[in-house]
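Data first, discussion second: the structure below is written as structure tokens.
The values are calculated or read from the model by the stated rules, or taken from the named source; none is laboratory data. Here the structure is a predicted model, which is why all the values come from computation and not from measurement. Positions of Cβ are generated from backbone atoms using ideal geometry, with glycine treated the same way; all protein chains shown enter the neighbour counts. Each accessible area value is taken on the protein alone, full model and side chains, heavy atoms only, with ligands, DNA and RNA left out. Shrake-Rupley method; radii C 1.70, N 1.55, O 1.52, S 1.80 Å.
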Amino acid sequence: MSPVDAVALLLAIPVAFTLGVLYWFMVRKLTARFQWRRGPLLLVYRDLSGTLGSSRLLQPLYDILKLWKKEVVVPPSARRTLFKASPYIAAIFAGTAILFLPAPYGCLLSGFSYSLVVASYLLVGAMLFIVLGAASSSSPWGVIGARREAELFLAYEMAFIVSIFTAAYMYRSLSIWEISINQLKSLPGFLANPFAAILLFLAALGKLHLKPFDIPEAEQEIIAGPYTEYSGKLLALLYITKLLILYSLATLIIYLFTPLALYCSTPLGATLHIILSLAVIALLSLLHAANPRYRIDQALSWYAKTAAAFGLAAVLMAASLKLMGVL
Amino acid sequence: MSSLDLLIKELQAYAKELKPLKDGKLSARVSRRDLLEVVKLLVRRFQARLAFITGADFGSEGFDIVYVFDASSLKPRFKLLVETRIPRDDAWIPSTTPITLQGLWAEKEIMEFLGIEVRGHPDPRYVWLPYEWPNMPETGAPLDPRRVHGVAAGEGWLPLRARPGSALASLIPIGPYHPSHVEGQYVRLKLDGEVVEAADIKVGFHHRGISRLIERRGLRRGVLVAEKVCGICSGAHGLAYVSAAERTLGIDPPERVLYTRTLLAELNRIQSHLLWLGLFSDVIGFKTGFMYSWSFRERVLDILERLTGNRIAYGVWRVGGVSLEIEKEEASHVERSLKKLKEEFLSFAEDFVEHPLVKARVKGIGVLKPEEARELNVLGPTARASTLQLDVRLQDPPNAAYDPTTTGWRIVVKDGCDCYSRLLVRLEEVQVSLDVCLNVLDYVCSGELRAELPDSIEPGAEGVACNEAPRGELVYYMRIQEAEELACLRIRTPSYQNFLSLAVILKGCMLADVPVIIASIDQCIACTDRVEIMDGHRRRLLTWTDLVQLSQRASKREEN
């Protein structure tokens with residue numbers, strides 16, 4: 001590994017975190033605008049800028065910093081070790097997944113031949129530890145939240161796996177970087193197989209707990225679900241995990257279905273990376289704002305029906321393209 | 001012989017005294033011995049609805065227990081008061097609950113507030129006091145262990161003190177303070193997985209004794225406090241109070257007053273239903289619906305502020321009149337704003353009820369069958385969504401104008417019996433109320449604003465008036481001691497009755513539907529508890545000057 005690669009790897013997580021903050025700001029801002037609200041201000045009004053600063057672009061970061069300084073309260077009946085360790089492990093999993101995804105400035109480890117498999121398993125691992133931490137919190141809300149998360153997980157993970165492996169099958173590679181490059185030789189993924197792209201998008205809604213799938217965090221029913229008993233630094237870590245997962249999913253969607261790798265390491269590539277991610281996030285926010293929440297059984301049957309239909313269509317489409325020799 | 005004459009004839013066998021009241025209502029005095037027979041006769045044979053039971057303490061003379069029956073099925077606007085006097089040293093009454101569930105909570109309240117024993121009551125747990133409260137106040141009557149431990153009969157229900165570890169199924173406490181509640185209440189659920197096996201409700205976390213406050217103010221000034229019973233349906237309380245007072249005194253307010261009152265009451269209903277729509281959207285996780293409906297509500301509040309100077313407590317209700325003179329110019333401004341609001345609201349409402357996910361979340365859940373609704377005496381939109389034709393404006397309108405030909409008012413009834421029907425009923429009522437407001441604007445600009453009050457008031461005069469509050473029938477009962485002094489004033493709010501139905505509806509539903517069902521009933525705890533909400537997290541203290549400035553700035557914004 002050359003020193004340049006080492007520096008690129010070291011930079012990956014800070015860059016991903018910064019972009020995650022930006023993306024989360026976008027989710028909040030767009031949701032607010034769709035809802036006839038202001039949301040966090042990009043330009044603070046002049047009479048408020050004395051106390052608020054000139055912009056609240058970094059609002060998600062301020063939230064995390066605030067939590068970081070707060071006291072951590074562990075419920076006396078919780079399984080202490082698992083409860084306290086889970087957010088750290090989840091954040092480490094999400095952080096490691098970042099290394100296997102392309103960054104705006106380079107391919108990092110995504111050129112490695114099984115990077116798609118490794119990255120998706122690391123993301124699964126992060127979710128798993130969020131569930132474990134909640135289940136060990138001994139709070140009834142946490143336990144119900146964990147249970148809902150686990151049920152929903154089974155549903156959206158199916159959609160996720162079908163989608164990414166359709167992409168892998170179409171472009172004959174398990175490396176995210178190669179999948180993106182191979183699209184140049186034939187058709188870009190979102191044109192060749194829109195069903196697979198939509199499927200990945202739907203799975204992202206579930207993974208990020210956006211409406212209509214924010215069932216594990218339904219505050220009106222179960223307070224904060226898995227996060228109910230978490231406070232201070234541990235909660236901040238869970239937020240960081242969430243930001244990193246948002247970044248990873250946006251990156252995964254754009255690289256698996258566009259030949260973005262072509263422009264890598266150029267200013268144009270970096271700009272396109274961010275713009276396309278923001279477009280994905282704008283769509284996510286629109287769905288988040290336009291929908292109420294499903295009940296858990298409705299969500300499961302929705303994934304079982306709609307997502308299965310899209311999955312079948314994606315696989316058939318990929319197979320027929322192969323047969324016709326387009327890919 | 002009409003069934004009403006038959007009823008009166010049958011009553012004469014029991015009644016010691018049959019006294020007509022000022023507005024065609026009837027008051028019958030019976031002895032405690034005959035009480036159950038009379039209740040049975042009215043409820044079982046004549047299908048009367050037991051609207052309220054209340055008691056008044058007359059010192060050494062004993063207690064008066066008043067049963068308010070709604071017999072509008074026999075004759076329009078007919079209400080019957082059955083009263084009985086019981087001695088202080090032998091203070092007990094028989095329970096009517098074995099006959100009908102309609103008086104279940106009212107009897108509990110009598111036990112708690114007056115220390116009267118209700119014999120044969122199946123669930124003597126406290127409503128307002130904490131379950132752990134050690135003894136009945138003052139009378140020192142023997143302690144019923146069921147009251148202290150809070151165990152409902154037959155259910156094998158766990159007391160509040162039980163720790164989660166000792167429960168056989170999961171115990172999920174929802175409240176007293178919970179994100180799905182606007183106000184403090186405690187819903188206790190027994191779950192099997194995500195399915196609710198049993199539910200229990202406890203309220204009474206902020207009782208403030210407002211009835212007593214009104215009694216002390218006297219007949220004329222009481223209305224200013226009555227309006228502050230609730231922050232959402234303040235208009236409904238004001239109207240119900242003045243109607244009760246006018247019926248006690250026997251005055252008929254002039255026409256302009258009636259129409260002005262309708263305008264205010266209906267604007268009040270619109271903002272209340274829009275507030276509910278927001279909370280309901282929030283509960284199904286539809287934040288966007290919440291934001292939109294509250295922004296509509298804000299515009300209604302702006303209209304109210306422009307008309308009366310206040311957004312919540314209008315302070316214009318007067319016994320025999322109204323302190324609000326609406327000019328032509330104001331009326332046309334209100335008309336323009338309302339028309340615009342109506343147009344935008346209708347398109348929003350259409351999208352809302354047709355949203356596939358909204359339908360998926362609320363259709364077919366929280367079913368309350370018509371016969372259950374009748375037995376539990378459910379009121380308001382909740383009853384009308386279960387096919388019951390129950391609307392005070394139809395059966396016994398308050399002293400305001402509700403003539404369908406001039407106001408365009410009509411009753412809204414749906415037959416789905418579920419949360420979706422309750423949603424449809426409320427949305428259509430907003431539409432009807434908007435129409436009513438637009439129609440009555442023609443009548444509010446000219447005419448008399450006050451009726452003459454009588455010089456002398458007969459001691460012991462009593463009156464009862466109902467008003468259709470946004471949540472259902474609101475009952476005010478008052479009795480005059482002498483001059484303008486009130487011997488007693490009792491308020492029966494709609495949520496008080498609707499609470500009863502929750503335990504029935506919640507049984508067998510899923511945990512995710514619990515907040516939706518609770519919200520669909522739209523209970524108002526402020527009314528039920530008659531509370532004072534203290535904002536403990538106020539950011540800064542506002543001085544009087546600040547408040548005035550704020551209010552002036554708001555008015556300026558409105559003008560632009």
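Here is how the numbers come out for the structure above:
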| read-out | value |
| --- | --- |
| Odd one out for A:P194 among (1) touching a Gly at 6+ places or on another chain (Cβ under 6 Å); (2) surrounded by fewer than 24 Cβ atoms within 10 Å (Cβ to Cβ); (3) of a type outside the set (A, V, I, L, M, F, W, C) | (1) |
| Some residue of the range B:478-490 being closer than 30 Å to B:I232 by Cβ, under 27 Å from the mean Cα position of the chain (by Cα), open to solvent by less than 20 Å² (accessible area, probe 1.4 Å) and free of Cβ contacts under 8 Å to residues at least 40 places away in the same chain | no |
| Any chance B:L304 is crowded, with 19+ Cβ neighbours inside 10 Å, in a helix (DSSP H, G or I), more than 13 Å from every other protein chain (Cβ to nearest Cβ) and free of Cβ contacts under 8 Å to residues at least 60 places away in the same chain | yes |
| Boolean, A:S86 is hydroxyl-bearing (S, T, Y) and at pLDDT 85 or above | yes |
| Counted residues, the range A:13-59 - those being over 20 Å from A:A289 (Cβ atoms), within 27 Å of the chain's Cα centre (by Cα) and of a type in the set (S, T, N, Q) | 2 |
| Single match in A:Y255, A:Y230 (criterion: farther than 29 Å from B:A360 by Cα and either at the interface with another protein chain (Cβ under 10 Å from one of its Cβ atoms) or not in a helix (DSSP H, G or I) (or both)) | A:Y230 |
| Hey, B:V353 among the hydrophobic types (A, V, I, L, M, F, W, C) and more than 14 Å from every other protein chain (Cβ to nearest Cβ) or not | no |
| Only listed residue being touching a Cys at 6+ places or on another chain (Cβ under 6 Å), over 21 Å from A:Q35 (Cα atoms) and not in a helix (DSSP H, G or I), chosen from B:L368, B:L324 | B:L368 |
| Residues that are in a helix (DSSP H, G or I), within 14 Å of chain B (Cβ to nearest Cβ) and within 20 Å of A:L276 (Cα to Cα), drawn from the range A:167-216 | A:L205 |
| In the range B:81-102, the residues that are among the acidic types (D, E) and buried (at least 16 other Cβ atoms within 10 Å of the Cβ) | B:E83 |
| Spans of helices (runs of 4 or more DSSP H) in the range B:183-276 with at least 2 residues among the hydroxyl-bearing types (S, T, Y) and at pLDDT 90 or above | B:234-249 |
| Failed condition for B:I116, given (1) over 30 Å from B:E468 (Cα atoms); (2) surrounded by fewer than 18 Cβ atoms within 10 Å (Cβ to Cβ) | (2) |
| Single condition A:L235 does not satisfy, out of (1) away from every other protein chain (no Cβ under 14 Å); (2) farther than 17 Å from A:G145 by Cβ | (2) |
| Residues satisfying the stated conditions in the range A:45-57, i.e. assigned to a loop (DSSP other than H, G, I, E, B) and surrounded by fewer than 17 Cβ atoms within 10 Å (Cβ to Cβ) | A:Y45, A:R46, A:D47, A:L48, A:G53, A:S54, A:S55 |
| Output for the range A:1-44, where each listed residue is in contact with a Phe, Trp or Tyr (Cβ under 8 Å, 6 or more places away or on another chain), outside any helix (DSSP H, G or I) and open to solvent by less than 40 Å² (accessible area, probe 1.4 Å) | A:Q35, A:P40 |
| Selection from the range A:80-103 of residues that are crowded, with 16+ Cβ neighbours inside 10 Å and either basic (K, R) or part of a loop (DSSP other than H, G, I, E, B) (or both) | A:K84, A:F100, A:L101, A:P102 |
| Qualifying residue in the range B:65-80 (condition: open to solvent by less than 30 Å² (accessible area, probe 1.4 Å) and over 16 Å from B:K25 (Cα atoms)) | yes |
| Subset tally (residues that are more than 12 Å from chain B (Cβ to nearest Cβ) and open to solvent by 60 Å² or more (accessible area, probe 1.4 Å)) for the range A:267-308 | 7 |
| Residue under evaluation B:E109, criteria (1) modelled with pLDDT of 80 or more; (2) part of a loop (DSSP other than H, G, I, E, B); (3) not hydrophobic (A, V, I, L, M, F, W, C), criterion not met | (2) |
| Candidates A:P226, A:P267 - the one that is touching a Pro at 6+ places or on another chain (Cβ under 7 Å) and either under 22 Å from A:V118 (Cβ atoms) or of a type outside the set (K, R) (or both) | A:P226 |
| For B:R311: the one exception among (1) basic (K, R); (2) within 18 Å of B:H237 (Cβ to Cβ); (3) within 11 Å of chain A (Cβ to nearest Cβ) | (3) |
| Top-ranked residue of the range A:217-227 - restricted to ones that are more than 11 Å from every other protein chain (Cβ to nearest Cβ) and on the phi < 0 side of the Ramachandran plot, ranked as least open to solvent (accessible area, probe 1.4 Å) | A:P226 |
| Test for A:Y239: is it over 28 Å from A:Q183 (Cα atoms), part of a helix (DSSP H, G or I) and modelled with pLDDT under 90 | no |
| Residue check, A:L208 within 20 Å of A:I281 (Cα to Cα) and either within 18 Å of the chain's Cα centre (by Cα) or among the basic types (K, R) (or both) | yes |
| All positions within the range A:125-170 that are touching a strand residue (DSSP E or B) at 6+ places or on another chain (Cβ under 9 Å) and either modelled with pLDDT of 90 or more or closer than 30 Å to A:G325 by Cβ (or both) | none |
| Failed item in (1) farther than 20 Å from A:N182 by Cβ; (2) open to solvent by 10 Å² or more (accessible area, probe 1.4 Å); (3) modelled with pLDDT under 90, with A:K322 passing the rest | (1) |
| Residues of the range B:58-95 satisfying the condition of being within 21 Å of B:I8 (Cα to Cα) and not in a strand (DSSP E or B) | B:A71, B:S72, B:S73, B:L74, B:K75, B:P76, B:R77, B:F78 |
| Residue selected from the range A:22-47 under the condition free of Cβ contacts under 8 Å to residues at least 12 places away in the same chain and within 14 Å of chain B (Cβ to nearest Cβ), by the criterion farthest from B:F296 (Cα to Cα) | A:D47 |
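Matching residues to (1) open to solvent by 30 Å² or more (accessible area, probe 1.4 Å); (2) in contact with a Cys (Cβ under 9 Å, 6 or more places away or on another chain); (3) assigned to a helix (DSSP H, G or I); (4) among the small types (G, A, S):
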{"position": "B:F280", "(1), (2), (3), (4)": "no, yes, yes, no"}
{"position": "B:F290", "(1), (2), (3), (4)": "yes, no, yes, no"}
{"position": "B:E298", "(1), (2), (3), (4)": "yes, no, yes, no"}
{"position": "B:N310", "(1), (2), (3), (4)": "yes, no, no, no"}
{"position": "B:Y314", "(1), (2), (3), (4)": "no, no, no, no"}
{"position": "B:E344", "(1), (2), (3), (4)": "yes, no, yes, no"}
{"position": "B:F352", "(1), (2), (3), (4)": "no, no, yes, no"}
{"position": "B:L357", "(1), (2), (3), (4)": "no, no, yes, no"}
{"position": "B:R361", "(1), (2), (3), (4)": "no, yes, yes, no"}
